[in-house]
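J.: Mind looking over this structure? Questions follow.
The values are calculated or read from the model by the stated rules, or taken from the named source; none is laboratory data. Please read all numbers here as calculations on a predicted model, not as lab measurements. FYI the Cβ positions are ideal-geometry reconstructions off the backbone, even for glycines, and counts take in every protein chain you see.
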Amino acid sequence: MSTMNVHELKEKMGRGEVFLLDVREPAEYKTECIEGSYLLPLSELCCEKLPQTTKPLVIHCHAGKRSEEACKKLLAQNPQLEVYSLKGGISEWKNAGYPTLCSGRKVLPLIQQVQFTAGLLVLLGLLLGLLVNAWFYIIPGFISLGLMFAGLSGWCGMAMLLAKMPWNK
């Protein structure tokens, strides 16, 4: 898998040499995006849904993790594709001082939604276990197992579930 930094991307976009694909969720894209990017969320990504273009694809997300997953997913389906993951994602793009289109709407990035929800469920499970019944301690145990699995595999069921929530559409 190849990568590209934001300065290379800016140059190539200026010359019309690449196609920029955003694999974040629709709510994240609506909140802020790089002008000229095309949205295709990671959860829906496959070669059949790619836009018809002969240009190399540069894939980006918030910080680079999902874009790496997207590149691997596409290359597994078609090793002939010319795809690049944008190092640091839209965060690095903004840090470099490049402009974005903002809607003024504010939605937490998906990873922060996962962190908040996991923390809330752990706290709730601990309080219920302490105040109601010890069986509620299963909740933080289950959440910790899910977080460990997500860390090892790169697949997070909670993120997939949260991505389907109405505020993320």
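J.: How many residues, within the stretch 53-95, are closer than 18 Å to GLY36 by Cα and among the hydrophobic types (A, V, I, L, M, F, W, C)?
T.: Residues flagged as closer than 18 Å to GLY36 by Cα and among the hydrophobic types (A, V, I, L, M, F, W, C) within the stretch 53-95 amount to 8.
J.: Now, a different point. All but one of (1) farther than 18 Å from GLN113 by Cβ; (2) surrounded by 20 or more Cβ atoms within 10 Å (Cβ to Cβ); (3) of a type outside the set (S, T, N, Q) hold for ARG66; state the number of the condition that does not hold.
T.: (1)
J.: Hey, could you check the stretch 65-105 for residues that are in contact (Cβ under 8 Å) with a residue 60 or more places away in the chain and among the small types (Gly, Ala, Ser) and say which is farthest from PRO41 (Cα to Cα)?
T.: The residue in question is ALA96.
J.: If you don't mind, there's one more thing I want to ask. Given the condition closer than 24 Å to GLY157 by Cβ and among the small types (Gly, Ala, Ser), answer yes or no: does some residue in the stretch 34-43 qualify?
T.: yes
J.: Kindly indicate whether any position in the stretch 138-160 is at pLDDT 90 or above, in a loop (DSSP other than H, G, I, E, B) and surrounded by fewer than 16 Cβ atoms within 10 Å (Cβ to Cβ).
T.: no
J.: Of all residues in the stretch 39-52, count the ones that are in a loop (DSSP other than H, G, I, E, B) and either over 15 Å from ASN78 (Cα atoms) or basic (Lys, Arg) (or both).
T.: Number of matching residues: 2.
J.: Here are GLU32, GLU44, GLU48: which of them is of a type in the set (D, E, K, R) and either surrounded by 20 or more Cβ atoms within 10 Å (Cβ to Cβ) or under 17 Å from PRO109 (Cα atoms) (or both)?
T.: Going through GLU32, GLU44, GLU48 in turn, the sole match is GLU32.
Table: residues versus (1) in contact with a helix residue (DSSP H, G or I) (Cβ under 8 Å, 6 or more places away or on another chain); (2) in a helix (DSSP H, G or I); (3) farther than 22 Å from GLY36 by Cβ.
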| site | (1), (2), (3) |
| --- | --- |
| GLY97 | no, no, no |
| VAL114 | yes, yes, yes |
| VAL122 | yes, yes, yes |
| LEU130 | no, yes, yes |
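J.: Please verify whether the stretch 114-136 includes one or more residues that are touching a Lys or Arg at 6+ places or on another chain (Cβ under 6 Å) and either surrounded by 11 or more Cβ atoms within 10 Å (Cβ to Cβ) or over 28 Å from GLU44 (Cα atoms) (or both).
T.: no
J.: Further question on the same structure: Select from the stretch 76-107 the residues that are more than 18 Å from the chain's Cα centre (by Cα) and either surrounded by 16 or more Cβ atoms within 10 Å (Cβ to Cβ) or at positive phi (or both) and list them in ascending order.
T.: GLY97, TYR98, GLY104
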